[in-house]
Structures are given as structure tokens and as C-alpha cells.
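Q: This structure is in C-alpha cells; I'll ask about it shortly.
The values are calculated or read from the model by the stated rules, or taken from the named source; none is laboratory data. Keep in mind the model is a prediction, meaning the values are calculated, not measured. With ideal geometry, Cβ positions are generated from the backbone for all residues, glycine too; neighbour counts draw on all protein chains shown. Keep in mind that these areas ignore ligands, DNA and RNA; they rest on the heavy atoms of the full protein, side chains included. Shrake-Rupley method; radii C 1.70, N 1.55, O 1.52, S 1.80 Å.
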Amino acid sequence: MSTTGGESPVLLVTGATGQLGPATVARLAARGDRLLLVGRDEARMAELDKEFGSPGVVETFTADVSDPLGARLAAARARERLGSLDGLVHMVGAFHAGPSYLADLTEPDRLWRANFLSAVHTSLAVLAQTPGSARMVYFTTPLIHEPMPGLGFYAASKAALAAWMRSFSHEVKHRGVHANAVMMTMADTPDARRERPGADFGQAVTPELVARVVDFLTSEASDGLYGSSVPVLGRFGFTTGLAGGPPAGGPSAERL
């Protein structure tokens, strides 16, 4: 990863006010990265600035990166304030659950902007500000392979992101840009538990586990990866009645 004058790398972290934000920011900041944290919520950005902010090291910027101008302003701000720009951790996203035929007609557009267009606009803005090699990290879901009922809009927008990311990776890998994704299921956070009281969070992953993989994908340890999706799924799994139940008496050593 290129840096200026041997200094630590600079990463643009978008969607920093989301549920994965604090753990990821803490992990990257502890590693010594310089960060520009971006989000739309001014109040939450102020909280992040109070918790992590340090001039010239970790700074915040309020912008909507689903808008091309917002994305360009954020990337330019990172280079202006921190001296360079060496990568992107794109955590912007939106979710919707429910039958398509009952959804508000604005939902597909909202998810498309948040889950797909924001990634495209921000990536191209970062690329324009990055002189050499870079690391770009996105977030996708196993639902792109098997979209479950009621999750079609969400899965489709993430599938578009995954397809574009793989194509984009081929376009930029020869200039040393690594574009990869974290494929994850629901994160176990206080907000998620409050919003989904009936969910089995034993099948979720913690933000800290996700942050470890972001650490890997933004480091030299991931040099061999271009256009990859690293699954961080915890104990999540698709089930079907066709598989039957476990053998009587539980699994035997011979079957494992």
C-alpha cells in the first residue's frame, strides 16, 4: 500500500456511524492507520469524533456518498487533511425485509443507492485521489447466492455490488489495487437485538470478528486476493427439511 513519506496508510471509512463502525475504527486506529470517518448523521459523527478524533490522525467528515459529489468531497477531504489516500472501507448499507408486493415503492431505489451506487461513487472518487496501490473493502451477504423470501430487494442490491466489485477488481488490479469484500450475516449488536428480539444471535457474528477481517483485507497479508469475498458467517447456515434431522443419538465420530 502506498503511503506518503513512509507514514502510516490513510483509509477512507464510509458508513462509520453504522453498527460495524466503532469496532472497525478502533481496530484500524490501534494498528496505526490514519482515518477519515464519513457518515450522514451529524450527531453520530460528533460522537465518533469525541471518541476517536485526533487532528491529522482520525478525523470526521459529514457527507452522503451515495451522491457522486458527496463521494468526491469525502475522498478529496481525506487527501487534503491527512496527506494521502491509500484505501477505502465502505460500510454504507441499508436493509429491508418483507414481501416485495407489500413494500413501499421507494424501497428498491433506497437500497440501490445505499448498497450499490454508494460503493461505485466512492470507489471511483478514491481511485482518482490514490496515486498508486490501494486496498478497497466492501460488505456483501450470502443472500446473493440464495435470496430468501422477503429479502429480494436487499439481496439484489448486494448481488449487484458483488458482481461489480469482481469486475472492478480485474480493471484495477494491475495498478496494485486490491478490491475485496467481507461476506457476512447479521452482526450481534445492541441495536440488532432490540430490533429483532426473536432472532437467534448464536448464528450472528460480532463486530469485532468482522473488524479482524477488515484488518486482514487492508493489510499486506491479503496480497494474493483480488475480487474475493471472505465469508464471516459465524454459525449461520441455510436449512432445508430435505436434509432430515440429526441421526438418532446425535452425530457419531464416524460421521464427522
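Q: So the check is Cβ under 6 Å with 6+ separation or different chains; which pairs have a first residue in the stretch 124-145 that's among the aliphatic types (A, V, I, L, M) and a second one that's open to solvent by 10 Å² or more (accessible area, probe 1.4 Å) and not in a helix (DSSP H, G or I)?
A: Leu143/Leu151
Q: With respect to Ser169, is the statement that it is within 23 Å of Arg113 (Cα to Cα) and open to solvent by less than 20 Å² (accessible area, probe 1.4 Å) true?
A: Considered against the rule, which asks whether it is within 23 Å of Arg113 (Cα to Cα) and open to solvent by less than 20 Å² (accessible area, probe 1.4 Å), Ser169 comes out as yes.
Q: Something else now. Pairs only if they're at least six apart or on different chains, beta carbon under 8 angstrom, first in the stretch 60-83 and farther than 19 Å from Ala46 by Cα, second modelled with pLDDT under 95 and among the charged types (D, E, K, R); list them, first residue then second.
A: Short answer, once both residue conditions are applied: Gly83/Glu7.
Q: Taking the options His174, His145, His170, name whichever one is of a type outside the set (A, V, I, L, M) and within 13 Å of Ser228 (Cα to Cα).
A: Exactly one residue qualifies, and that residue is His170.
Q: Another question, if that's okay. At least 2 residues that are open to solvent by less than 70 Å² (accessible area, probe 1.4 Å) and among the aliphatic types (A, V, I, L, M) in each: list the helices (runs of 4 or more DSSP H) lying fully within the stretch 1-117 that qualify.
A: Those helices (runs of 4 or more DSSP H) span 21-31, 42-52, 68-82.
Q: Ok, one more. Here are some conditions: (1) assigned to a loop (DSSP other than H, G, I, E, B); (2) modelled with pLDDT of 75 or more. Val210 meets all but one. Which one does it not meet?
A: So Val210 meets the others, but not (1).
Q: Of the conditions (1) in contact with a Lys or Arg (Cβ under 7 Å, 6 or more places away or on another chain); (2) more than 19 Å from Asn115 (Cβ to Cβ); (3) open to solvent by less than 10 Å² (accessible area, probe 1.4 Å), Asp215 clears all except one; give me its number.
A: (3)
Q: Then there's this: Just to verify a result, which residue in the stretch 218-256, among those that are among the charged types (D, E, K, R) and part of a helix (DSSP H, G or I), is modelled with the highest pLDDT?
A: Step by step, filter the stretch 218-256, then rank; the result is Glu220.
Q: Further question: Only residues in the stretch 150-178 that are among the hydroxyl-bearing types (Ser, Thr, Tyr) count as the first member; pair them with residues that are modelled with pLDDT under 95 and surrounded by fewer than 21 Cβ atoms within 10 Å (Cβ to Cβ), Cβ under 7 angstrom, at least 6 apart or cross-chain, and list the lot.
A: Tyr154/Phe95; Tyr154/His96; Tyr154/Leu143
Per-residue answers, yes or no, for (1) more than 12 Å from the chain's Cα centre (by Cα); (2) over 16 Å from Met91 (Cα atoms):
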position: Lys158; (1), (2): no, no
position: Ala162; (1), (2): no, no
position: Arg166; (1), (2): yes, yes
position: Glu171; (1), (2): yes, yes
position: Gly176; (1), (2): yes, yes
position: Asn180; (1), (2): no, no
position: Thr189; (1), (2): yes, no
position: Arg194; (1), (2): yes, yes
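Q: From the set of residues in the stretch 134-155 that are in a strand (DSSP E or B) and out of contact with any Gly (no Cβ under 9 Å at 6 or more places or on another chain), which is surrounded by the fewest Cβ atoms within 10 Å (Cβ to Cβ)?
A: The selected residue is Thr140.
Q: Can you say whether Val182 is at pLDDT 90 or above and in a strand (DSSP E or B), as far as the supplied structure shows?
A: It is true that Val182 is at pLDDT 90 or above and in a strand (DSSP E or B).
Q: Moving to a separate point now. Assuming Ser123 fulfils every condition listed in (1) in a helix (DSSP H, G or I); (2) open to solvent by 10 Å² or more (accessible area, probe 1.4 Å) apart from one, which condition is it?
A: All conditions are met except number (2).
Q: Which condition breaks for His178 when tested against (1) touching a Ser or Thr at 6+ places or on another chain (Cβ under 7 Å); (2) under 17 Å from Val214 (Cβ atoms); (3) surrounded by fewer than 20 Cβ atoms within 10 Å (Cβ to Cβ)?
A: (3)
Q: Which residues, taken from the stretch 136-158, are in contact with a Pro (Cβ under 8 Å, 6 or more places away or on another chain) and of a type in the set (A, V, I, L, M, F, W, C)?
A: Scanning the stretch 136-158 gives Phe153, Ala155, Ala156.
Q: For Gly32, only one of the following conditions fails: (1) touching a residue at least 24 places away in the same chain (Cβ under 8 Å); (2) under 27 Å from Lys158 (Cα atoms). What is its number?
A: (2)
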